[in-house]
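Please see the structure below; I have some questions.
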Amino acid sequence: METITKETVQNEIQNFNAYREVEKALQPYIESARTGDGKLSRSAFYNHAHIVGSIEGNYYNMDADTFGDAIDEGGPSENVQSHIAWIDISGPAAAAKVEFIDWNGYRFTDFFVLYKNEGQWKISGKVYDSHSKN
């Protein structure tokens with residue numbers, strides 16, 4: 001039987017808090033799916049971030065600003081539903097998978113890499129599957 005030490009408890013709390021911080025960092029992006037707000041989406045990404053994927057066979061490789069413009073152009077998607085499938089964290093690096101259904105009629109699976117710099121998590125890159133004619 002494992003003895004639970006004060007250090008073990010502190011580590012578990014720290015891990016739980018890091019998970020919540022990454023969840024919070026993803027929220028502007030997730031909310032932008034519903035609102036169609038490209039500036040909100042853009043706020044979740046580092047300046048260097050790239051977004052790669054395809055929709056209906058069209059390949060996209062965009063920087064964060066261009067992606068924000070695409071969110072604006074797509075407009076709101078009031079019926080979109082999302083779910084954070086998993087988050088994996090190692091120190092200041094993290095990966096996350098987020099599922100969306102009915103984002104302007106599409107289902108998306110997004111994979112994110114995030115990094116914590118100066119106490120703040122942001123998205124460094126995203127690849128996605130639109131589940132349509134890829």
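The values are calculated or read from the model by the stated rules, or taken from the named source; none is laboratory data. Nothing here was measured: the structure is a model prediction, and the numbers come from that model. Reconstructed Cβ throughout: ideal geometry from the backbone, glycine too, with neighbour counts over all protein chains shown. Side chains included, ligands, DNA and RNA excluded: accessible areas come from the protein's heavy atoms. Shrake-Rupley method; radii C 1.70, N 1.55, O 1.52, S 1.80 Å.
Spelling out what I want: for every residue of the stretch 49-58, take phi, set θ = phi - 60°, compute 6.51 cos²θ - 1.76 cosθ + 1.60 (Karplus), and round to whole Hz; glycine and proline get x.
Result, rounded to whole Hz: 4, 10, 10, 10, x, 9, 10, 6, x, 8.
Right, something else. Expressed as an acute angle from 0 to 90° and rounded to the nearest 10, what is the orientation of the C-alpha long axis of helix 6-35 relative to the principal long axis of the chain?
With both axes taken from Cα atoms, the answer is about 10 degrees.
When the Karplus curve 6.51 cos²θ - 1.76 cosθ + 1.60 is applied with θ = phi - 60°, which whole-Hz ³J(HN,Hα) does each residue of the stretch 70-82 get, with x for Gly and Pro?
Each residue of the stretch 70-82 in turn: 5, 5, 4, 5, x, x, x, 9, 4, 9, 4, 10, 9 Hz.
Can you figure out the FRET efficiency of VAL113 with ASN58, using R₀ = 22 Å and their beta-carbon distance, to the nearest 0.05?
Once rounded, the FRET efficiency stands at 0.40.
Rg/Rh for the chain to two decimals, with Rh computed the Kirkwood way over all alpha-carbon pairs.
Radius of gyration over Kirkwood radius for the chain works out to 1.05.
So between LYS39 and THR8, what do we pick up on full extension, going 0.36 nm a residue minus the alpha carbon distance?
Stretched fully, the LYS39-THR8 segment lengthens by 7.1 nm.
Near the amide H of SER132, under 5 Å away, which other amide H atoms are found, from residues 5 or more places off or on another chain, if H is placed in the peptide plane?
Under 5 Å from the amide H of SER132 lie the amide H atoms of GLU56, each far enough along the sequence or on another chain.
Which order, highest average first, do 95-102, 57-64 follow once you tally other Cβ atoms within 10 Å for each residue and take the mean per peptide?
Most protected by this proxy first, the peptides run 95-102, 57-64.
Could I ask something else about it? Keeping every protein chain present and rolling a 1.4 Å probe, give me the accessible area per residue for the chain in Å².
Each residue of the chain exposes 61 Å² on average to a 1.4 Å probe.
Same structure, new question: What does the net charge come to around LYS24 if you take all other residues with beta carbon closer than 13 Å to its beta carbon, with K and R at +1 and D and E at -1?
With Lys, Arg at +1 and Asp, Glu at -1, the neighbours total 0.
Still on this model: Heavy atoms only, probe 1.4 Å: what % of the accessible area of the stretch 1-83 goes to carbon and sulfur, would you let me know?
With neighbouring chains kept in place, the figure for the stretch 1-83 is 48 percent.
May I pose another question? If N is the number of residues in the stretch 34-82, what value comes out of its Cα radius of gyration divided by 2.2 N^0.38 Å?
1.15
Output wanted: per-residue J couplings in Hz (rounded whole) for the stretch 111-125, from phi through Karplus 6.51 cos²θ - 1.76 cosθ + 1.60, θ = phi - 60°, x for Gly and Pro.
Values per residue, Gly and Pro as x: 10, 10, 10, 10, 9, 9, 10, 6, x, 10, 7, 9, 7, 8, x Hz.
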